[in-house]
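Data block below; observations after.
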Amino acid sequence: MKPNRFKKLYAEGKVPVGHMLFEFTTRGIPEIMEVAGSDFVVIDMEHTAFNIADTANLISWFRATDIAVFVRVPEVHYSHIARVMDSGAHGVMAPNVKTVEQAQALVDAAKYQPIGQRGCYMGLGPNTDYRAFPPLESRRVMDEANERATVICLIEHPEGVANVDAIAALPGVDALCAGYADLAQYMGIPGEFQNTEYLDAMRSIADTAKRHDIPAIIQPGNEAQLEQWLGLGYTAISWSCDIAVYRDALKAATDMTKKAVGR
């Protein structure tokens, strides 16, 4: 099975650095990200038009690189989660996890017994590199898959913050991610990212992850956010998203060009 670069780097005490895809689904994107030095990618199915075929194609292309590939599913639902894992993803991120029960449903769909309840689809698809193996090796293969898988709970609601310690303590939960924009809006203070109560909640997510020795993921879009959130204790960085990076780079280049030609 393909190794999980995200887990490997975190185990070595390093901060994994990745990126999120909202728009670009071309076959060259994985290699572009590999050249850029990305350690992991999050393919978004919550806010985008990506369907399972788009996502499965991206997963396959990323598996030709060393980049760990995760998918943010639309909701905690078995069919969303198991299908992306069976397509060969290293892990899954679920939005707006508020309760231990939601987190358990996520783990159940993403991991095999004895940790979860994921149905067997092994030796036939990309999740096992299409390699067959003797039936009596199923236990070993499932254990390896469980160890490789990264289950990420996105905490973006005050209820999720209130339950974050129990969520992080659940066997099979491998990382927390702070949904910083939604957290502010659900707290009734949209965009107030320097609000003291808000920063306390953000710090609580990172502190909880540290107590349970799992990564705390955050997605900054500028250097100031990066520095502040590293200071709060976040230990894995998903740098911005494809739309923002392309838009901002093109805007800067277009402005420069218009200035050069007198526009």
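The figures follow:
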item: Table column - 3J(HN,Hα) (Hz), the range 196-210, Karplus curve with 6.51, -1.76, 1.60, x for Gly and Pro; result: 4, 5, 5, 5, 4, 5, 5, 5, 4, 5, 5, 5, 5, 4, 4
item: Sequence-distant residues sharing a close amide H with Ala175 (under 5 Å, placed H); result: Val151, Cys153
item: Residues in the range 182-213 that a label on Asp165 would reach, taking backbone N under 11 Å of a point 7 Å out along Cα→Cβ; result: 208
item: Amide proton proximity set for Asp44, modelled H, under 5 Å, gap of 5+; result: Leu21, Arg72
item: Lys, Arg +1 and Asp, Glu -1 on Cβ, resulting dipole of the chain about Cα centre, debye, nearest 20; result: 660 debye
item: Structure-based [θ]222 nm, the chain - -39500 (n - 2.57) summed over DSSP H runs of at least 4, per residue, nearest 500; result: -13500 deg cm²/dmol
item: Calculated FRET value between Arg140 and His47, using beta carbons and R₀ = 41 Å, to 0.05; result: 0.60
item: Cut-off under 5 Å, modelled amide H: who pairs with Asp39 long-range; result: Val17, Gly18
item: Integer Hz, Karplus 6.51/-1.76/1.60 couplings in order for the range 160-171, x for Gly and Pro; result: x, 5, 4, 9, 5, 5, 5, 5, 5, 6, 5, x
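Bear in mind these aren't lab numbers, they're just calculated from the coordinates by the rules spelled out. Note that the structure is a prediction, hence the values are computed from the model and not measured. Methodologically, a virtual Cβ is constructed for each residue, glycine included, from the backbone with ideal geometry; neighbour enumeration extends over all protein chains shown.
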